[in-house]
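Okay, structure first, notes after.
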Amino acid sequence: MDQTQQAFQDYLALEKKYSMHTVNGYGRDLSFFADFLKQEFDQRSLLEANYSQIRSWIVWMVDQELSNSSVNRKVASLKSYYKFLLKSKQIEVSPLLKHKALKTPKKIQIPFSETEVNQVLNFLSFPDGFEGTRDKLIIDLFYTTGIRRAELIQLKLGSIDAAITSLKVLGKRNKERIVPIHSILVDQIKRYLTERSKLEQIKDLEHFFLTKKGVKLNDSFVYRLINHYFSNVSEKVKRSPHILRHTFATHLLNNGADINSVKELLGHSSLASTQVYTHSSLAELKKIYGNAHPRSQN
């Protein structure tokens, strides 16, 4: 990694407040392009790269059968890097100035139905003790707050207020927001904390959710947990923490919640990000309209 790449990653971490996971992702994308430059053009400096070389990289990635969305993400990392170089006056024009992203099909995320969520939370059998108490609380917390997987993993013991009515969440770019906790979770949280205190050893003391070995959760652990429980009640292809977040937003909108309020609960910086969840709400509205309007009766 050269000095400009390191400076760029420091900028992302310190000024843009990106998570280290995101920063490292940008770094891998830059290194990927740097390796291509060296192998194909015997060139080491990203500063001197031109669009023709970048275009060759894009074509090569497509030939390697990377999806258009993966290619776009890598190019977006490179574009951010050149914006940084422009800002720091190390280049005068970005080689990606006129680049247009590859077309990608719009994927509609299908949320869980209210029936599916109720089946998991009210009818599935959770193991006794620490793990079962933790698992049910994680699912219920995802569904009643809409927090992201990374936000749940990073929850600290001090994230929940003393009266257990709200949750302090650290979102993207270290933006903090307060999310209300539903009253039905109060007893669950107390039971979990009691079970947590019984663990033989706790290494990550400050983290709220732990494994039975006393260490904080990781991404794959949380994904497997959600997929495991929902595979018992749902045949949907994708059963992930993000689908539960999507379900949270969709069910709120279906039941009349204001989209701006949902935006704040989700921690979105723009309304456009929240509007991707409205397609399911629109489907529900069409159903209601079809059943209620006199003309549709015919």
**Request:** Pick out the one residue from Phe32, Phe8 that is surrounded by 18 or more Cβ atoms within 10 Å (Cβ to Cβ), modelled with pLDDT of 90 or more and at negative phi.
**Result:** Phe8
**Request:** Would you mind stating whether Arg173 is surrounded by 15 or more Cβ atoms within 10 Å (Cβ to Cβ), of a type in the set (Lys, Arg) and assigned to a helix (DSSP H, G or I)?
**Result:** no
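To keep it simple, each residue is scored yes or no on (1) touching a helix residue (DSSP H, G or I) at 6+ places or on another chain (Cβ under 6 Å); (2) closer than 22 Å to His242 by Cα.
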residue	(1), (2)
Leu157	no, no
Asp161	no, no
Leu170	no, yes
Lys175	no, yes
His182	yes, yes
Thr194	no, no
Leu199	no, no
Val215	no, no
**Message:** Need pairs with beta-carbon distance below 6 Å; first residue modelled with pLDDT of 85 or more and within the range 246-272, second of a type in the set (Phe, Trp, Tyr) and assigned to a helix (DSSP H, G or I); sequence gap 6+ or separate chains.
**Reply:** Phe248/Tyr143
**Prompt:** Is there any pair with a first residue in the range 84-105 that is in a loop (DSSP other than H, G, I, E, B) and a second that is among the hydroxyl-bearing types (Ser, Thr, Tyr) whose Cβ atoms are under 6 Å apart and which are 6 or more apart or on different chains, and what are they?
**Reply:** Ser94/Tyr82; Pro95/Tyr51; Leu96/Tyr82; Thr104/Ser69
**Item:** Positions within the range 54-68 being surrounded by fewer than 13 Cβ atoms within 10 Å (Cβ to Cβ) and of a type in the set (S, T, N, Q), in sequence order
**Value:** Gln64
**Prompt:** Is at least one residue of the range 42-53 open to solvent by less than 90 Å² (accessible area, probe 1.4 Å) and touching a Lys or Arg at 6+ places or on another chain (Cβ under 9 Å)?
**Reply:** yes
**Request:** Might you let me know whether the range 10-33 holds any residue that is farther than 20 Å from Arg173 by Cβ and assigned to a loop (DSSP other than H, G, I, E, B)?
**Result:** no
**Prompt:** Of the residues Ile189, Ile164, which is in contact (Cβ under 8 Å) with a residue 24 or more places away in the chain, assigned to a helix (DSSP H, G or I) and either within 28 Å of Lys17 (Cα to Cα) or over 22 Å from the mean Cα position of the chain (by Cα) (or both)?
**Reply:** Ile189
**Hey, Phe126 open to solvent by less than 20 Å² (accessible area, probe 1.4 Å), of a type in the set (Phe, Trp, Tyr) and not in a helix (DSSP H, G or I) or not** = no
**Fill in**
How many residues of the range 194-211 are within 25 Å of Phe123 (Cα to Cα) and surrounded by 13 or more Cβ atoms within 10 Å (Cβ to Cβ)? The answer is 5
**Prompt:** Based on what the data block shows, is Leu225 among the aliphatic types (A, V, I, L, M), under 12 Å from Asp135 (Cβ atoms) and in contact with a helix residue (DSSP H, G or I) (Cβ under 9 Å, 6 or more places away or on another chain)?
**Reply:** yes
**Among the candidates Ile181, Ile138, residue that is modelled with pLDDT of 95 or more, more than 27 Å from Lys16 (Cα to Cα) and either out of contact with any Asp or Glu (no Cβ under 7 Å at 6 or more places or on another chain) or crowded, with 16+ Cβ neighbours inside 10 Å (or both)** = Ile138
**Message:** Among the residues in the range 143-152, are any open to solvent by 90 Å² or more (accessible area, probe 1.4 Å), within 27 Å of Leu12 (Cβ to Cβ) and basic (Lys, Arg)?
**Reply:** no
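The values are calculated or read from the model by the stated rules, or taken from the named source; none is laboratory data. Note that the structure is a prediction, hence the values are computed from the model and not measured. Note: ideal-geometry Cβ built from the backbone for every residue, glycine included; neighbour counts use all protein chains shown. These accessible areas exclude ligands, DNA and RNA; they are computed on the full protein's heavy atoms, side chains included. Shrake-Rupley method; radii C 1.70, N 1.55, O 1.52, S 1.80 Å.
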